[in-house]
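Notes follow the structure.
The values are calculated or read from the model by the stated rules, or taken from the named source; none is laboratory data. Keep in mind the model is a prediction, meaning the values are calculated, not measured. Positions of Cβ are backbone-derived with ideal geometry, glycine not excepted, and every protein chain shown enters the neighbour counts.
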Amino acid sequence: MRWEGNRESDNVEDRRDEGGGFGGGGGGGFGFGGRSIGIGTIVVALVGGWVLGVNPLTLLGLLSGNGGPPAQVQTQGPAHAPPADDRMAKFVSTVLADTEDVWTDVFKAGGATYRQPKLVLFRGATRTACGQGQAAMGPFYCPGDQKVYIDLGFYEVLKNKLGAPGDFAQAYVIAHEVGHHVQNLLGISAKMDEARGRMSPTQYNAMSVRLELQADCLAGVWAHHAQDARQILEQGDVEEAMNAAAKIGDDALQRAGGGAVVPESFTHGTSAQRQHWFDTGLKQGTVKSCDTFNTRQL
């Protein structure tokens, strides 16, 4: 991915000096505070919400019947920018800036104004408007404060545990979370929340799949316009994103967890569906092409 030398966003808050390491343990391991949570719940709610979940805080609470696992929560001090010599922070700042440029233009073309989200870098755990955010949950978007949260140690998990290396796979993660911000601005997330009380868990899971697949498609829309404007793609980049989408499909995650594939429990979509909708956004480049809610065949 060609990103070096491009504009960096000013909308990055660095809280990494306020808390502990990724997952609260060595080697990027998972810290669940001693609570007993079934591996199926962890795989679907955390690993599935990791790369590309709208709000794993809520999802874990729904599946386990209570709030997320305890962790050391950061006390939030004054926000500051990351160090200028931090290469990974520079990368995510540059990707965020690229999404800002794309979505500002897309919204303007539609007669609207794009409100840029903040991106928060943290370690271990941090406070959010959606509750306690934890590194083990991976990147997520909180509509309550319009911020994307990421512990950069997650990228080692993406590469080494999920088998999805590459800088464009990393960019895809951010673009998906920004896709949830776009859904929030368009009122789609609010409609989901309003409908939640009228749905059974199975029905809500099915709607959640459509929400997540739409965010995948919106990530593809970003890539389409970024390529047109700045030629960011290098050979193998699209394959990196497709591989990441395959690794975090609900069916792939359930198999990786050692259990049976249960379509009724899906919340993010199958590997094939995630690949299809990212590819749709990438090729079509329009929000209209991402209408996952009004199509029969996902």
Give the residues of the stretch 124-183 that are closer than 18 Å to F278 by Cα and hydroxyl-bearing (S, T, Y), sorted by residue number. Y172
Quick check on this structure: which one of V102, V54, V43, V47 is surrounded by 18 or more Cβ atoms within 10 Å (Cβ to Cβ) and modelled with pLDDT of 50 or more? V102
Condition first: surrounded by 18 or more Cβ atoms within 10 Å (Cβ to Cβ) and in contact (Cβ under 8 Å) with a residue 40 or more places away in the chain. Now tell me which residues in the stretch 247-256 satisfy that. K247, I248, D250, L253, Q254
Within the stretch 251-267, is even one residue within 21 Å of Y141 (Cβ to Cβ), in contact with a Gly (Cβ under 8 Å, 6 or more places away or on another chain) and small (G, A, S)? no
Considering every residue within the stretch 261-269, establish whether at least one is in a helix (DSSP H, G or I), among the aromatic types (F, W, Y) and either in contact with an Asp or Glu (Cβ under 7 Å, 6 or more places away or on another chain) or modelled with pLDDT under 90 (or both). no
Looking only at the stretch 125-148, filter to residues that are in contact with a helix residue (DSSP H, G or I) (Cβ under 8 Å, 6 or more places away or on another chain) and assigned to a loop (DSSP other than H, G, I, E, B); which one of those is farthest from H181 (Cα to Cα)? G138
Which condition from (1) in a helix (DSSP H, G or I); (2) in contact with a Leu (Cβ under 8 Å, 6 or more places away or on another chain) is the one that L298 breaks? (1)
Checking the condition at pLDDT 90 or above, under 18 Å from S289 (Cα atoms) and surrounded by fewer than 20 Cβ atoms within 10 Å (Cβ to Cβ), which residue from L186, L218 passes? L186
Filtered residues of the stretch 277-298 (kept if closer than 30 Å to A260 by Cβ, surrounded by fewer than 19 Cβ atoms within 10 Å (Cβ to Cβ) and either in contact (Cβ under 8 Å) with a residue 12 or more places away in the chain or in contact with a His (Cβ under 7 Å, 6 or more places away or on another chain) (or both)): D279, F293, L298
So which residues in the stretch 221-246 are over 20 Å from the mean Cα position of the chain (by Cα) and buried (at least 19 other Cβ atoms within 10 Å of the Cβ), if there are any at all? I232
Look through Q116, Q170 and report the one residue that is out of contact with any Lys or Arg (no Cβ under 7 Å at 6 or more places or on another chain), surrounded by fewer than 19 Cβ atoms within 10 Å (Cβ to Cβ) and touching a residue at least 40 places away in the same chain (Cβ under 8 Å). Q116
